[in-house]
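The values are calculated or read from the model by the stated rules, or taken from the named source; none is laboratory data. Since this is a predicted model, take the numbers as computed values, not measurements. Counting neighbours? That spans all protein chains shown, and the Cβs are built from the backbone with ideal geometry, glycine included. Just so you know, the surface numbers come from the protein's heavy atoms only, side chains and all, with ligands and any DNA or RNA stripped out. Shrake-Rupley method; radii C 1.70, N 1.55, O 1.52, S 1.80 Å.
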Amino acid sequence: GNHQGKRVNVIKESADGNYLFITEVDGSPMGWIDKKAMQFKRTVFLDVGHGGKDPGAVYYGVQEKDINMNISFKLQKALENAGYAVIMSRTTDTFIDHSVDRSKMANATGADIFISVHHNAMPNNTAVNGIETFWYEYDPDYPSRINQDMHNNPDRLLKSSVLATEIHNGLIRHTGAFNRGVRRDTFAVLRESKMPAALLEFGFMSNSAELNLLMSDSYQNKLVKGVVDAVNAYFQRY
């Protein structure tokens, strides 16, 4: 039968992982199908840091909220070209509370992964530079507000660590930037989003040389390539 273009429900996976048992949306069984024949788009939730009344870091006349938006549009395009569905927390200069609202949006979409886009700053040391990438670390002082079930889920944590590490390595490989490592923290967006999540700090706006790079088309394209390569590698694994 030809199921092309039909929406179906995947009920279970074969033991070898190569076949899926599918039903029609109304629940009537359709049978086993080769996974390769199924074209289902993975969904990336792209969280564009800051916005509106919250500018983020501001250095040399540049506001982080704008540079986050700028590279996120490029990321959106590149991820869509690579075959992913992309949902963004914002596409305009609007304020969205980061404490739970961004995660609430992501959780409602059923996205497969969550990537938060940021740029860094070190207020009292303009020499500091490089890329660091974060995934979630539980901190009892910051209990989860809307994600009690999943925030410390071992599968989510493992996948978050793989996602963050893949992205970090891709970014360093494509840019040659100083490697500040993969780190863990209890940032709200990482805590309250129920899917595997990583927060990216593309570079230091407080370092004028690095900021010049971060604002350049060619360097942004390297960052984007690093992320897309990593997302491909992640989804080949999961």
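Key figures
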item: Residue-span extension gain [M122 to N9] - 0.36 nm each, minus C-alpha spacing; result: 35.9 nm
item: Whole-Hz ³J(HN,Hα) from phi, Karplus 6.51 cos²θ - 1.76 cosθ + 1.60, for the stretch 222-228, glycine and proline x; result: 5, 4, 4, 4, x, 5, 5
item: Given charges at Cβ of Lys, Arg, Asp, Glu: the stretch 1-141 dipole, positive-most of T91, P140, I115; result: T91
item: Under Karplus coefficients 6.51, -1.76 and 1.60, residue-wise ³J(HN,Hα) of the stretch 14-19 in Hz, glycine/proline x; result: 5, 4, 7, x, 9, 10
item: Placed amide H near F187: partners under 5 Å, 5+ positions off or other chain; result: E137
item: Cleavage-rule hits (trypsin sites (Lys or Arg not before Pro)) in the stretch 42-134: DSSP loop, at most 15 neighbouring Cβ within 10 angstrom; result: K53
item: Low-density loop positions, trypsin sites (Lys or Arg not before Pro), the stretch 126-230 - DSSP coil, at most 15 other Cβ in 10 Å; result: R145
item: Listed pairs K65/K104; K12/K104; K74/K159; K65/K159; K194/K225; K12/K41 exceeding 22 Å between Cα atoms; result: K12/K104; K74/K159; K65/K159; K194/K225
item: Note, ³J(HN,Hα) from phi for the stretch 159-176, Karplus 6.51, -1.76, 1.60, rounded to Hz, x at Gly and Pro; result: 5, 5, 5, 5, 4, 4, 5, 4, 5, 4, 5, x, 5, 5, 4, 7, 9, x
item: Amide H contacts under 5 Å for Y19, placed H, 5+ residues apart; result: S14, K35
item: Debye-sum result for the chain in log10 I(q)/I(0), which assumes one identical scatterer on each alpha carbon, at q = 0.12, 0.15 Å⁻¹; result: -0.70, -1.03
item: Contact order relative to length of the chain, as percent, for alpha carbon pairs under 8 angstrom and 6 or more apart; result: 21
item: Solvent-accessible area of D93 with every protein chain in place, 1.4 Å probe, in Å² to the nearest 10; result: 80
item: Solvent-accessible ranking of H174, H98, H151, largest area first, probe 1.4 Å; result: H98, H174, H151
item: Apportionment of accessible area to carbon and sulfur, the stretch 193-238, percent (1.4 Å); result: 50
item: Estimated FRET transfer efficiency when R0 is 35 angstrom, pair D185-D26 (beta carbons, to 0.05); result: 0.20
item: Alpha-carbon Debye profile of the stretch 167-238, log10 I(q)/I(0) at 0.16 Å⁻¹; result: -0.65
item: Loop chymotrypsin sites (Phe, Trp or Tyr not before Pro), the stretch 91-169 (other Cβ atoms within 10 Å of the site Cβ: 14 or fewer; DSSP); result: F95, Y138
item: Carbon/sulfur fraction of accessible area - the stretch 41-160, other protein chains in place, 1.4 Å, %; result: 50
item: Average accessible surface area per residue within the chain, 1.4 Å rolling probe, Å²; result: 49
